[in-house]
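The values are calculated or read from the model by the stated rules, or taken from the named source; none is laboratory data. Predicted model only: the values in this text are computed from it and were never measured. Every residue, glycine among them, receives a Cβ derived from its backbone with ideal geometry; neighbour counts consider all protein chains shown. Remember, those area values only see protein heavy atoms, side chains included, never the ligands or the DNA or RNA. Shrake-Rupley method; radii C 1.70, N 1.55, O 1.52, S 1.80 Å.
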Amino acid sequence: MFRGLRLRKRFMVILLIIFIASFPVLVVSSYLILRVNVDREVFENAKVFLFTMESIRKHYGDVTRPAVMKELPERFIVEAMSTSFNARGVAEKVRAEFPHYIFKHISMNPRNPINKADGFEEGIIAKFRADKTLKELKGLVEKGKVEYFYVARPVASKADCLRCHGIPEVAPGELLAKYGSTGAFGWQANQVVGALTAYVPTAIAKKNAQNALILFASFYAAIFFVIMIIIDRVIIGSIIKPIEQFVEVADEISRGKFERDFNVKTKDELKTLSEAFTRMKLSLVKAIDIVRRKQ
Ligand code: HEC
């Protein structure tokens, strides 16, 4: 193969074939590896986001609400007393900067209809209820033709939730006036009452992986191109140029001109060849000399 081509072209054609054959393999395998990493990263970010929201809930529930309730035992001030209200508010602020991060409280019978679980989310709550040791669920889900990564963590009730989630008779009047007396009542302590979920569209991960891939593929192509140029220079300098010089000198010798020598600067096979040629030239000079003297 390629025997009809000149040396330099032959090398370049072989390198080009290596490039064309390796490029798709490299691109596909890199994309798969990148996707695994980017997916993990997006999941990790969604988890941190969810954990932050859960911590905000806990902070309001354990610190802010008891402090305000102590001062105003008869009042209900949603901005200071509802963990869900505040976590949702913070999530909205986060979304202003990162619109693809979706946070949701989910509940079967919510107080605020915005927290109503859909069919898929009811399944999540059912799983948390069936296995109390389950602390997290995650995976992929398609909603309205959009694919999302999701992470979910359960919300369990405690005795101090019952003032607002037990029976309506003991709940603050202001709460009943604002939300009514049907949603999110009838709880007992230590039940899974809902869950927190974070969703991130998988398109984000795909786009990140594609961007990284474009960069990586261009880098590979550039490196290959540079290697081709270097190899080309090396072939010209250490093989083609010396051979051309051999041809010229051999040509001159064949015409009876013996002034020029076979010169090779490297210490490789060409050097050995030039030494052999030089010995041949000297033998030829001697032979011609002997012939001349005999005449
Ligand atoms: C001071 C009253 C009060 C207390 C105490 C309280 N909640 Fe709530 N809770 C609310 C209000 C009001 C909402 C609706 C807020 C909104 O999203 O607009 C709510 C909503 C929720 C939701 C979202 C689903 C829904 O029904 O809309 C969950 C989950 C929740 N609470 C869990 C708890 C847990 C767990 C505790 C105890 C650790 C607790 N709550 C204690 C007032 C309270």
Item to complete: Restricting attention to the range 42-80, report how many residues are away from the ligand (no atom under 13 Å from the Cβ), open to solvent by less than 60 Å² (accessible area, probe 1.4 Å) and in contact (Cβ under 8 Å) with a residue 60 or more places away in the chain.
Response: 5
Item to complete: Six or more apart or on different chains, Cβ under 7 Å: which pairs go from a residue in the range 109-126 that's among the aliphatic types (A, V, I, L, M) to one that's part of a helix (DSSP H, G or I)? Could you list them?
Response: Ala117/Ile125
Worksheet item: Are any residues in the range 185-233 open to solvent by 80 Å² or more (accessible area, probe 1.4 Å) and either over 41 Å from the mean Cα position of the chain (by Cα) or within 16 Å of the ligand (Cβ to nearest atom) (or both), and if so, which ones?
Response: Gln188, Asn190
Worksheet item: Quick one: how many residues across the range 84-100 are open to solvent by less than 50 Å² (accessible area, probe 1.4 Å) and either away from the ligand (no atom under 16 Å from the Cβ) or of a type in the set (S, T, N, Q) (or both)?
Response: 3
Worksheet item: Name the residues in the range 153-184 that are within 44 Å of the chain's Cα centre (by Cα), in a loop (DSSP other than H, G, I, E, B) and at negative phi, would you?
Response: Ser157, Lys158, Gly183
Response to the item:
Across (1) touching a strand residue (DSSP E or B) at 6+ places or on another chain (Cβ under 7 Å); (2) open to solvent by 40 Å² or more (accessible area, probe 1.4 Å); (3) assigned to a loop (DSSP other than H, G, I, E, B), Arg129 clears everything bar (3)
Response to the item:
Of the residues in the range 16-34, those that are touching a residue at least 24 places away in the same chain (Cβ under 8 Å) and either polar (S, T, N, Q) or closer than 22 Å to Ile243 by Cα (or both) come to Ser30
Worksheet, complete the sentence: Counting only residues that are open to solvent by 60 Å² or more (accessible area, probe 1.4 Å), among the aliphatic types (A, V, I, L, M) and within 16 Å of the ligand (Cβ to nearest atom), the range 132-174 contains a total of 4
Worksheet item: Under 6 Å by Cβ, and 6 or more places apart or on different chains, what pairs join a residue from the range 96-108 that is at positive phi with one that is within 16 Å of the ligand (Cβ to nearest atom) and modelled with pLDDT of 95 or more?
Response: none
Worksheet item: Checking Asn109 against (1) within 16 Å of the ligand (Cβ to nearest atom); (2) within 30 Å of Val146 (Cβ to Cβ); (3) in a helix (DSSP H, G or I), which single condition isn't satisfied?
Response: (3)
